[in-house]
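**Q** Quick one: the structure is below, and I'll ask about it shortly.
The values are calculated or read from the model by the stated rules, or taken from the named source; none is laboratory data. The shown structure was predicted, so the numbers you read here are calculated from the model rather than taken from an experiment. All Cβ positions, even for glycine, are placed from backbone atoms using ideal geometry, and neighbour counts span all protein chains on display. Calculation scope for accessible area: heavy atoms of the full protein, side chains included, ligands and nucleic acids excluded. Shrake-Rupley method; radii C 1.70, N 1.55, O 1.52, S 1.80 Å.
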Amino acid sequence: MSESLLCLLTEDLLIRLLQKLGSHRKPFRLVCKDFLRVESATRKTLRILRIEFLLGLLEKFCNIETLDLSLCPRIDDGVVSVLLTQGSASWTRGLRRLVLSRATGLGHLGLEMLIRACPVLEAVDVSHCWGYGDREAAALSCAPSLRELNMDKCLGVTDIGLAKIAVGCGQLERLSLKWCFEISDLGIDLLCKKCLDLKFLDVSYLKVTSESLRSIASLLKLEVFVMVGCSLVDDVGLRFLEKGCPLLKAIDVSRCDCVSSSGLISVISGHEGLEQLDAGYCLSELSAPLVKCLENLKQLRIIRIDGVRVSDFILQTIGTNCQSLVELGLSKCVGVTNKGIMQLVSGCRNLKILDLTCCRFITNAAISIIANCCPDLVCLKLESCDMMTENCLYQLGLNCLLLEELDLTDCSGVDDLALRYLSRCSELVRLKLGLCTNISDIGLAHIACNCPKMTELDLYRCVRIGDDGLAALTSGCKRLTKLNLSYCNRITDRGMEYISNLGELSDLELRGLSNITSIGIKAVAVSCKRLADLDLKHCEKIDDSGFWALAYYSQNLRQKCQQYTLFNTLPLIG
């Protein structure tokens, strides 16, 4: 299509055409001024990979609504000052969402400047900014229109900082405080008095007691409540919720040691509109009264009961009483058998996500029944189900064509023929094959040829995988962003050359690859510009020149694991 012809198209048609291009936009905007003009005016989201390009990109795309700086850990107060004082800073006028996750270099002064410059800001993510405390919380309170705030692992925030946010951001609807260890019942109580519009609240791993649940019960609009690992909360706290939070749709009490079936029954009896229940690793066993109570939850869609003891009768009862389930988590549950699974899926035929991790006693028979009864499956986790063979994967490849995620880690029965059958699932996006020692380059080639949408692949300790397999993989799976090749010792620098063709790669694990050198690492560093996480532990043939190449070309690296052993000293990890 010539540029002169494009000039005849209206701006509306150009916008539609640009949207159809998807990930292929860049080449078109580089050669066509009309595409560049339209994208500059209409682009709504910007994710920065290199901080030195930040100012220029913000000048070019001044109508963005979302700015993601999570891959720019070097951003600091000085950079923010430059952004706001140089140029027009017009990009701040319409900014609604700001992602600063892991931006640990940004302090309270820069954060406050940034917050105050964005008058319509509605969502901020400062998760994993572990040094953030009450001063940063005060800066966040300068956003009166804020509706969504993620403060996971802001370790220095106390009740004082939370109070400032509660007073300054009264319109908050979603708040996550996971791992904010210094927040107590006092802070939660004030939050619940000031932020009455809260719909989502996560207090996981906080040292709060059942008194906090008394306060939370007063939130009339709360729909999702997450309290993973709150070891001081007991059934008394759950009983407060029984008559509170009338709109509650989802609750997560996983790893709450003092919670029992009695407390969960209280919550269920008061909320017949419940859609999701997470109770992993908090119950010794799933009692019959609790399962019977689930019958009243006509809208229940998701149950996760990882680590709980079950029986064939319990699984049969779930299959009978919860036929609307779309997700079931049974990871590491004791008592899961072929018979129980068969009875379960004969009733729950709408399942889309099923987690059977470490359910070691199920065999081909159970998995074949799953494939036949649940054709809409998009995610199946079978880690350490080592009694299965290629026969059940034949059934999966035949019936579960919508499958997007499959975990076969440590399934010794998986071989090249199994991968051939599995390759019929062309929608696969995430595949875990770690410790499947019977697969080779031949099996990997089947996946590469038929699964072009793959973005994550785990081949940890697949010792028969070599350079030829990587040649096929990088030719067929161009969208890979995450790849684990640790201890695949047949891989050499030639394999690294193939990996350098993966332009979208951001996470690469090469631990224990004894045959790769600095030459191969340089090839990856030069071409994989998005690389953010790299593991090179025990790669003994990589010398300083390899690390110089990473330092020069891989500007987005936020985590690099390496190990040296010098003069028999202890290993140093950097």
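**Q** Can you give me the three principal axis dimensions of segment 101-151 from its C-alpha atoms, in Å, biggest first?
**A** Result, largest extent first: 26, 19, 16 Å.
**Q** Which translational diffusion coefficient, to the nearest whole µm²/s, is obtained for segment 205-283 from the Stokes-Einstein equation, given a Kirkwood hydrodynamic radius over C-alpha pairs, 25 °C and 0.890 mPa s? Working shown, then result.
**A** Working: Rh = 11.9 Å.
D = 206 µm²/s.
**Q** So I have [x] 38, 37, 25; [y] 37, 31, 26; [z] 72, 30, 19, and one of them is semi-axes √(5λ) of the Cα gyration tensor in Å calculated from this model. Which one is it?
**A** [x]
**Q** Roughly how many percent of the accessible protein surface of the chain is carbon and sulfur, given a 1.4 Å probe and a whole-percent answer? Before the final figure, lay out each step's value.
**A** Numbers: 13000 of 24880 Å².
Ligands and nucleic acids excluded, carbon and sulfur give 52 percent.
**Q** Here is a further query. Please compare each pair in Lys249/Lys292; Lys199/Lys332; Lys194/Lys249; Lys298/Lys453; Lys164/Lys249 to a cut-off of 24 Å on the Cα-Cα distance and tell me which ones are over it. It would help to have the intermediate numbers written out before the result.
**A** Details: Lys249/Lys292 19 Å; Lys199/Lys332 31 Å; Lys194/Lys249 22 Å; Lys298/Lys453 35 Å; Lys164/Lys249 28 Å.
Where the Cα-Cα span goes over 24 Å, the pairs concerned are Lys199/Lys332; Lys298/Lys453; Lys164/Lys249.
**Q** Follow-up question, since we're still on this one. Quick one: which residues, 5+ away or cross-chain, put their amide H under 5 Å from the amide H of Asp306? H built at 1.01 Å from N.
**A** The answer is Ala279, Gly280, Tyr281, Ser331.
**Q** Here is a further query. What does the charge count near Val267 come to, summing +1 for each Lys or Arg and -1 for each Asp or Glu among other residues with Cβ under 10 Å from its Cβ? Kindly include the intermediate steps, with their values, before the conclusion.
**A** On the way: positive: Arg239; negative: Asp235, Glu242.
Charge balance near Val267 sits at -1.
**Q** When the chain is fully extended, how far beyond the present Cα-Cα distance does Val167 get from Ser426, taking 0.36 nm per residue of separation?
**A** Numbers: separation 259, 0.36 × 259 = 93.24 nm, distance 5.08 nm.
Computed gain between Val167 and Ser426 is 88.2 nm.
**Q** With a sphere of radius 11 Å drawn around the Cβ of Gln555, what net charge do the other residues whose Cβ falls strictly inside it have (Lys, Arg +1; Asp, Glu -1)? Can you show the working numbers first?
**A** Numbers: positive: Arg50, Arg74, Lys529, Arg530, Arg558; negative: Glu52.
Local net charge: +4.
**Q** Can I ask one more? In sequence order, what are the phi-derived ³J(HN,Hα) couplings for segment 78-84 according to the Karplus relation 6.51 cos²θ - 1.76 cosθ + 1.60 with θ = phi - 60°, rounded to whole Hz, with x for glycine and proline?
**A** With the stated coefficients, segment 78-84 comes to x, 5, 4, 4, 5, 4, 8 Hz.
**Q** Quick one: what are the phi-derived ³J(HN,Hα) couplings along segment 426-432, Karplus 6.51/-1.76/1.60 with θ = phi - 60°, whole Hz, x for glycine and proline?
**A** My calculation for segment 426-432 gives 6, 8, 4, 10, 10, 9, 10 Hz in order.
**Q** Please compute the contact order of segment 128-272 in relative form: average sequence separation of alpha-carbon pairs under 8 Å and at least six residues apart, divided by the residue count, as a percent. All intermediate terms of the calculation are to be shown ahead of the outcome.
**A** On the way: 365 pairs, mean separation 25.1, N = 145.
Reported relative contact order: 17 percent.
**Q** So for the chain: antiparallel DSSP bridges make up what percent, rounded to the nearest 5? The partial results should precede the final answer.
**A** Values: 2 of 66 bridges.
So the antiparallel bridges amount to about 5 percent of the total.
**Q** Once Rh is set to the Kirkwood radius over Cα pairs, what Stokes-Einstein translational diffusion coefficient, in µm²/s, holds for segment 129-206 at a temperature of 20 °C and a viscosity of 1.002 mPa s? Walk me through the numbers before you get to the answer.
**A** Details: Rh = 11.8 Å.
Approximately 182 µm²/s, per Stokes-Einstein.
**Q** A follow-up question, please. Students often get this wrong, so check it: of Lys60/Lys352; Lys153/Lys482; Lys221/Lys339, which have C-alpha atoms separated by over 32 Å? Each step should come with its number before you reach the end.
**A** Details: Lys60/Lys352 42 Å; Lys153/Lys482 24 Å; Lys221/Lys339 42 Å.
Result: Lys60/Lys352; Lys221/Lys339 exceed 32 Å.
**Q** Same structure, new question: Assigning unit charges at the beta carbon (Lys, Arg +1; Asp, Glu -1) and nothing else, what dipole magnitude in debye, to the nearest 20, does segment 249-293 show about its Cα centre?
**A** Working: 3 positive and 6 negative charges, 15 e Å.
Charge dipole of segment 249-293: 80 debye, to the nearest 20.
**Q** Treating only the Cβ atoms of Lys and Arg (+1) and Asp and Glu (-1) as charged, compute the dipole magnitude of segment 175-279 about its Cα centre; round to the nearest 20 debye. Before the final figure, lay out the partial values.
**A** Numbers: 11 positive and 15 negative charges, 52 e Å.
Once rounded to the nearest 20, the dipole reads 240 debye.
**Q** Sticking with this structure for a sec: When only C-alpha pairs under 8 Å and at least 6 residues apart count, what is the relative contact order of the chain, in percent?
**A** Details: 1488 pairs, mean separation 27.9, N = 574.
Dividing the mean separation by the residue count of the chain yields 5 percent.
**Q** Just to verify a number: FRET efficiency for Ser40 and Arg479, C-beta to C-beta distance, R0 = 25 Å, to 0.05?
**A** The pair Ser40/Arg479 has a calculated efficiency of 0.45.
**Q** Considering only protein heavy atoms, what per residue accessible area in square angstrom results for the chain with a 1.4 angstrom probe? Kindly include the intermediate steps, with their values, before the conclusion.
**A** Details: 24880 Å² over 574 residues.
Normalised by residue count, the accessible surface of the chain is 43 Å².
**Q** Can you give the FRET efficiency to the nearest 0.05 for Lys243 and Leu557, using r as the Cβ-Cβ distance and R₀ = 51 Å?
**A** Numbers: r = 52 Å, r/R0 = 1.02.
So, using R0 = 51 Å, E works out to roughly 0.45.
**Q** Under a Cβ-only charge scheme (Lys and Arg +1, Asp and Glu -1), can you give me the dipole magnitude of the chain about the Cα centre, in debye to the nearest 20? All intermediate terms of the calculation are to be shown ahead of the outcome.
**A** Working: 65 positive and 67 negative charges, 212 e Å.
It works out to roughly 1020 debye.
**Q** Taking θ = phi - 60°, what integer Hz values does the Karplus form 6.51 cos²θ - 1.76 cosθ + 1.60 yield along segment 389-403, in sequence order, with x for Gly and Pro?
**A** Whole-Hz 3J(HN,Hα) from phi for segment 389-403: 10, 5, 4, 6, 5, 4, 5, 4, x, 7, 10, 9, 7, 8, 4.
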